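**Q** Let me begin by handing over the structure; questions about it come next.
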Amino acid sequence: QVQLVESGGGLVQPGGSLRLSCAASGSIFSIYAMDWYRQAPGKLRELVADIGSGGGTNYADSVKGRFTISRDNAKKTVYLQMNSLKPEDTAVYYCHVKHSSNWGQGTQVTVSS
């Protein structure tokens, strides 16, 4: 079982930036593909971005060109750099081990003036 702890959320103005971090426990983090999901109030949880064990990435159309997912296997951490934030990016953001039931507790991101 992998434990995931997210951090880095907060309140930011439109156009601003945040970087989310997800620290994982376990000794074999490097073999896991990792995801970032988000869930806004009243909406379904949606996939934002994923990164494979080899570093390949995919993004939801809504965040392409604005968000960047990355990983540091030595630190057992996956990141989500979010730039040019919009009010519609407001949600709880969750870290997830792909194809597993391992989820973090979530971190709130609020984009508002």
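**Q** Under a crude label model (7 Å from the Cα following the beta-carbon direction), how far is Arg19 from Thr57 in nanometres?
**A** Between Arg19 and Thr57, the label points sit 1.3 nm apart.
**Q** Out of all Cα-Cα pairs in the chain, roughly what percent, to the nearest whole number, are more than 23 Å apart?
**A** 21 percent
**Q** Here is a further query. Under 17 Å Cα to Cα from Lys98, which lysines show up? Leave out anything in the same chain fewer than 8 places away.
**A** Lys76
**Q** Please report the relative contact order for the chain, taking Cα pairs under 8 Å with a sequence separation of at least 6, and give it as a percent rounded to a whole number.
**A** 38 percent
**Q** On to the next question. Quick one: give the max-minus-min coordinate of the C-alpha atoms of region 22-67 along each principal axis, largest first, in Å.
**A** Taking the Cα atoms of region 22-67, the three principal extents are 36, 23, 13 Å.
Values in this text are rule-based calculations from the coordinates and carry no lab data. Owing to the predicted nature of the structure, the values given are computational and were not obtained by experimental measurement. Cβ atoms come from the backbone with ideal geometry, glycine included; neighbour counts cover every protein chain shown.
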